[in-house]
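**Q** Next up is a structure, given as structure tokens.
The values are calculated or read from the model by the stated rules, or taken from the named source; none is laboratory data. What you see is a predicted model; the values in this text were computed from it and never measured. Every residue, glycine among them, receives a Cβ derived from its backbone with ideal geometry; neighbour counts consider all protein chains shown. Areas reflect the complete protein model, heavy atoms only, side chains present, ligands, DNA and RNA absent. Shrake-Rupley method; radii C 1.70, N 1.55, O 1.52, S 1.80 Å.
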Amino acid sequence: MWLVATTWASLPDRVRERADQLVLQDRRFEAVREIWDCGIEPRPSLGDCQVIVAERYRELGDRVHRTPERPRDLATLIGQVQALPGRPAAIEAFWDGDTQGWFVILAAAMTEPQAEVDLAFIRHGGDLRLFNGQAPPWPEALEAETTGRALAQHFGVPFHFASPDTPDDEAPRWRESR
């Protein structure tokens, strides 16, 4: 934590002010970039920038205007898929991760045009769950599997989730498994 405090203190006032503005707007990646591109030497590592921004989130707490999650109830997701050009070939769930931890993406695999459309990002906490014994089980996987199966059934297409029990961002995807 000493390194974070020292690096934060060494940033120009304008950079600290802008980074805090971005955090207050829940624009995490832009805040990281603000610090990363600030021009001080030695340049903080990307990891240090991420830790600094995470600390600013903790420090600013309730003042952060969190971006609301997109609705991911079945009716909303059906509407999203119906609004797509063409019909889905499959509904797929797969793991991904970022600096906050693992999450599951629920997506529609399209054939005409061949594309993948992200429908929902499902996260039920950060990776701290691994250290305090709250994961596994992975509730985001259960939600993705339940909702994904119902969505696939509604459209009469297969549902694919190669790694429902363990986060694995290299598990075979639907197109690869056909």
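**Q** Looking at the stretch 40-54 only, could you name the residues that are part of a loop (DSSP other than H, G, I, E, B) and either under 20 Å from the mean Cα position of the chain (by Cα) or surrounded by fewer than 20 Cβ atoms within 10 Å (Cβ to Cβ) (or both)? Can you show your working first?
**A** Step one: of the stretch 40-54, the residues part of a loop (DSSP other than H, G, I, E, B) are 40-45.
Across the stretch 40-54, the qualifying residues are Ile40, Glu41, Pro42, Arg43, Ser45.
**Q** Let me ask something additional. Among the listed residues Thr166, Thr146, which satisfies the condition of being of a type in the set (S, T, N, Q), free of Cβ contacts under 8 Å to residues at least 60 places away in the same chain, open to solvent by 40 Å² or more (accessible area, probe 1.4 Å) and not in a helix (DSSP H, G or I)?
**A** On the way: Thr146 fails: not in a helix (DSSP H, G or I).
Of the residues listed, the single one that is of a type in the set (S, T, N, Q), free of Cβ contacts under 8 Å to residues at least 60 places away in the same chain, open to solvent by 40 Å² or more (accessible area, probe 1.4 Å) and not in a helix (DSSP H, G or I) is Thr166.
**Q** Still on this structure, I have one more. Among the listed residues Arg33, Arg66, identify the single one that is of a type in the set (D, E, K, R), surrounded by fewer than 19 Cβ atoms within 10 Å (Cβ to Cβ) and closer than 30 Å to Glu170 by Cβ.
**A** Result: Arg33 is the single residue among Arg33, Arg66 that is of a type in the set (D, E, K, R), surrounded by fewer than 19 Cβ atoms within 10 Å (Cβ to Cβ) and closer than 30 Å to Glu170 by Cβ.
**Q** If we scan the stretch 87-96, do we find a residue that is surrounded by fewer than 13 Cβ atoms within 10 Å (Cβ to Cβ) and either modelled with pLDDT under 90 or over 30 Å from Pro158 (Cβ atoms) (or both)?
**A** Scanning the stretch 87-96 turns up no residue that is surrounded by fewer than 13 Cβ atoms within 10 Å (Cβ to Cβ) and either modelled with pLDDT under 90 or over 30 Å from Pro158 (Cβ atoms) (or both).
Quick grid of which residues meet (1) touching a residue at least 40 places away in the same chain (Cβ under 8 Å); (2) of a type outside the set (Phe, Trp, Tyr):
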site	(1), (2)
Arg18	no, yes
Gln21	no, yes
Ile40	no, yes
Arg66	yes, yes
Ala75	no, yes
Leu84	no, yes
Ala89	yes, yes
Asp98	no, yes
Phe103	no, no
